[in-house]
Amino acid sequence: MSNSSAFPDWHGTTILAVRKDGRTVVAGDGQVSMGQTVVKGTAKKVRKLAGGRVIAGFAGSTADAFTLIERLEAKLEQYPDQLARACVDLAKDWRTDRYLRRLEAMLIVADKDAIFTVTGVGDVLEPEHGVAAIGSGGNYALAAARALLDVNGLDAEAVARKAMGIAADICVYTNGSLTVEVL
């Protein structure tokens, strides 16, 4: 039985990461909804970590995501410049620790070289095409970004912004108030 049954039905996150031509961008919308009501339109769900060398974006419970981001920061201190190892170690802890197992969130974590999706079931997934997305509008943003990757004249940030705009037009739990971080 999911722990979320005791809480309101929170929705409203799209996080997208794009790597193109040596640049990495993570973008997130700002909408937080409870049921059919927009509670906040300007939430910041994308943050720089590790002295600006890593970007993390989250979907799910905000308090749970902050707990995971704090744990990730500790792993990044333990394994500097080893993002994959830090993510795998976090996923292992997340899956085996009784407290962490109850956390309901997902992360996209990126540095200048790699993007990872980290989940509470132990997944650390690196996308094949340099694009990853999570959240309620994640599939829309992912499809749009994949289609835009080969468009000449669009850099990683332009691809991310356009794809997030498309997701916001389709997903009622996603808005156009973006936080965009670039490496």
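Remarks
- GLY176 touching a Gly at 6+ places or on another chain (Cβ under 7 Å), small (Gly, Ala, Ser), outside any helix (DSSP H, G or I) and at pLDDT 95 or above: yes
- Pairs are defined by a Cβ separation below 7 Å, a sequence spacing of at least 6 or placement on different chains, a first member in the stretch 15-40 that is on the phi > 0 side of the Ramachandran plot, and a second member that is hydrophobic (A, V, I, L, M, F, W, C); the pairs so defined are ASP21/ALA156.
- Hits in the stretch 36-54 (condition: in a strand (DSSP E or B), aliphatic (A, V, I, L, M) and within 23 Å of LYS75 (Cα to Cα)): VAL46, LEU49, VAL54
- Of all the listed residues (ALA143, ALA147, ALA110, ALA114), the sole one being crowded, with 20+ Cβ neighbours inside 10 Å and either at pLDDT 95 or above or of a type in the set (Gly, Ala, Ser) (or both) is ALA110.
- Residues being part of a loop (DSSP other than H, G, I, E, B), at pLDDT 85 or above and either farther than 16 Å from GLY137 by Cβ or within 11 Å of the chain's Cα centre (by Cα) (or both) - total across the stretch 1-35: 3
- Any hit, the stretch 158-178, residues being among the acidic types (Asp, Glu) and touching a residue at least 60 places away in the same chain (Cβ under 8 Å): no
One line per residue, one yes/no per condition, for (1) under 13 Å from the mean Cα position of the chain (by Cα); (2) closer than 28 Å to GLN36 by Cα; (3) of a type in the set (Ser, Thr, Tyr):
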residue: ASP81; (1), (2), (3): no, no, no
residue: LYS92; (1), (2), (3): no, no, no
residue: TYR99; (1), (2), (3): no, no, yes
residue: ALA143; (1), (2), (3): no, yes, no
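The values are calculated or read from the model by the stated rules, or taken from the named source; none is laboratory data. Quantities reported herein were computed from a predicted structural model and do not represent experimental measurements. Cβ atoms come from the backbone with ideal geometry, glycine included; neighbour counts cover every protein chain shown.
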